[in-house]
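Each remark here refers to the structure printed beneath this line.
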Amino acid sequence: MSFGNIVLLIIVAIGAYLVAIYNKFVSLRAGIDAAWSDIDVQLKRRYDLIPALVDTVKGYKDYEAGTLEKVIQARQQGLSAGTLDEKAAAANALSGALGKLFALAEAYPDLKANQNFLHLQGELSSLEDSIQNARRYYNAIVRDYNAKLESFPDLFVAQKFNFTPRDYFELDESEAESVKKMPKIDL
């Protein structure tokens, strides 16, 4: 084998390696987009349940209207959010408002016994679990992608083709506490 063939073989091998790195970035980016889409679907399902929950709670005239307003505002913020950061902030605000709503429901025995309220609370609790699982998956893919962006020699391909870091979808600590304190009702 001549020196020219060896050099050509090395160039082809390096080219193939760079193509593999590029394709992995593309694959991870598509995975991030798909994982975010799953979160977005779960958030929309949660937003769709809010009007029914508000209508159920409105029937209890002594119930605190300020809490309902916060739930409604958080829902509207979520529906109008455009960027990932806006959607994450809206999701966090809604989780906090729902946590307060369910905590206040403890003071209203008739509301706690209302079958529609219990059903909606169960569905929202299930959706919270789905959102949490989707968020973990999304963050895992983002972690892998961001780590690859900084790995050698992958960082050269990332810079050349303008692959940029992605943000995590995180739950604020204060909102996390509200969700954890959400009462669980066995149906």
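No lab work stands behind these numbers, since they all come straight from the coordinates. In this text the structure is predicted, and so the values were computed from the model without any measurement. Cβ atoms come from the backbone with ideal geometry, glycine included; neighbour counts cover every protein chain shown.
Quick check, is ASP40 free of Cβ contacts under 8 Å to residues at least 60 places away in the same chain and more than 21 Å from THR164 (Cβ to Cβ)? No: the conditions fail for ASP40. Does ASP129 satisfy being farther than 15 Å from GLY31 by Cβ, surrounded by fewer than 19 Cβ atoms within 10 Å (Cβ to Cβ), touching a residue at least 24 places away in the same chain (Cβ under 8 Å) and not β-branched (Val, Ile, Thr)? So ASP129 fails the test. When ALA89 is tested against (1) closer than 25 Å to ASN139 by Cβ; (2) in contact (Cβ under 8 Å) with a residue 60 or more places away in the chain; (3) buried (at least 17 other Cβ atoms within 10 Å of the Cβ), exactly one condition is not met: (2).
Against the condition under 22 Å from TYR47 (Cα atoms), in contact (Cβ under 8 Å) with a residue 40 or more places away in the chain, surrounded by fewer than 15 Cβ atoms within 10 Å (Cβ to Cβ) and not polar (S, T, N, Q), how does GLY122 come out, does it pass?
Numbers: under 22 Å from TYR47 (Cα atoms): yes; in contact (Cβ under 8 Å) with a residue 40 or more places away in the chain: yes; surrounded by fewer than 15 Cβ atoms within 10 Å (Cβ to Cβ): yes; not polar (S, T, N, Q): yes.
Yes: the conditions hold for GLY122.
If I ask for residues that are of a type in the set (A, V, I, L, M) and in contact (Cβ under 8 Å) with a residue 24 or more places away in the chain, which ones from segment 136-148 would you list? Correct list: ILE141, VAL142.
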